[in-house]
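The values are calculated or read from the model by the stated rules, or taken from the named source; none is laboratory data. If you're wondering where the values come from, they're calculated on a predicted model, not measured in any experiment. Cβ coordinates were reconstructed from backbone atoms using ideal geometry, including for glycine residues, and neighbour counts include every protein chain displayed.
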Amino acid sequence: MLLKTFELCFLVGAIFSVVSFLLGHLLHFGHHPDGAIDATGHTHIDGNHQGSPIISPFKPVVIMAFLTVFGGMGVIGLNYLGLAAIFAFAAALSTGILASFLMYRFLIVPLYLAQNTSAVSQQELNGVPATVTLDIKNGCFGRITYVVNNNTYTAPAISGDSEEILKGERVVILNIQKNVFKVTKL
């Protein structure tokens with residue numbers, strides 16, 4: 001029974017890891033800092049990055065690393081090392097926890113912090129030039145593209161002075177309210 005549990009954990013972790021790797025590379029989805037997915041590959045700034053970020057260790061990749069190592073080490077302990085069930089379980093549990101901790105500490109946390117170093121607060125975007133990519137008409141939302149720190153971002157926009165602004169026109173960001181950028185022509 002314990003061997004079947006180890007095998008199942010190993011298979012679930014390994015299959016999930018392979019499938020998520022393949023889908024991530026084949027579909028080329030971009031991820032927002034707030035977790036939303038954008039198929040265009042653009043990221044958006046949500047402006048809520050204040051203070052030290054709290055990075056949860058309960059991410060799917062960390063859980064799958066634990067399951068894969070736990071299951072693999074359990075199978076090795078029982079089948080190849082001939083350990084008693086309790087020792088195989090202890091070895092599997094400790095190596096699974098160690099592997100997931102190492103992945104979290106030396107991979108997830110540094111990548112998350114590196115991702116957020118280029119984030120800019122919404123107040124710093126006031127006065128940044130942008131280009132309209134979707135017409136802004138009659139108080140309706142349009143879309144702008146702007147560049148900060150050599151990164152291109154898109155955002156919903158509305159005219160700050162109720163003036164119609166057509167695609168391709170250069171604008172300047174006046175302010176941001178509820179993640180909607182108010183802009184005016186340059």
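May I ask you to verify whether Arg105 is in the same structural domain as Tyr80 (by TED's automatic domain parsing) and among the charged types (D, E, K, R)?
yes
So which pairs qualify, if the first residue must be in the stretch 163-181 and polar (S, T, N, Q), the second must be modelled with pLDDT under 95 and part of a strand (DSSP E or B), the Cβ gap must be under 9 Å, and the two must be at least 6 apart or on different chains?
Asn175/Phe181; Asn175/Lys182; Asn179/Ala155; Asn179/Pro156
Can you tell me which residue among Ser56, Ser17, Ser118, Ser52 is under 29 Å from Asn150 (Cα atoms), modelled with pLDDT of 70 or more and among the polar types (S, T, N, Q)?
Matching residue, one of Ser56, Ser17, Ser118, Ser52: Ser56.
Residues to consider are Phe106, Phe89; find the one that is of a type in the set (Phe, Trp, Tyr) and free of Cβ contacts under 8 Å to residues at least 24 places away in the same chain.
Within the list Phe106, Phe89, the selection yields Phe106.
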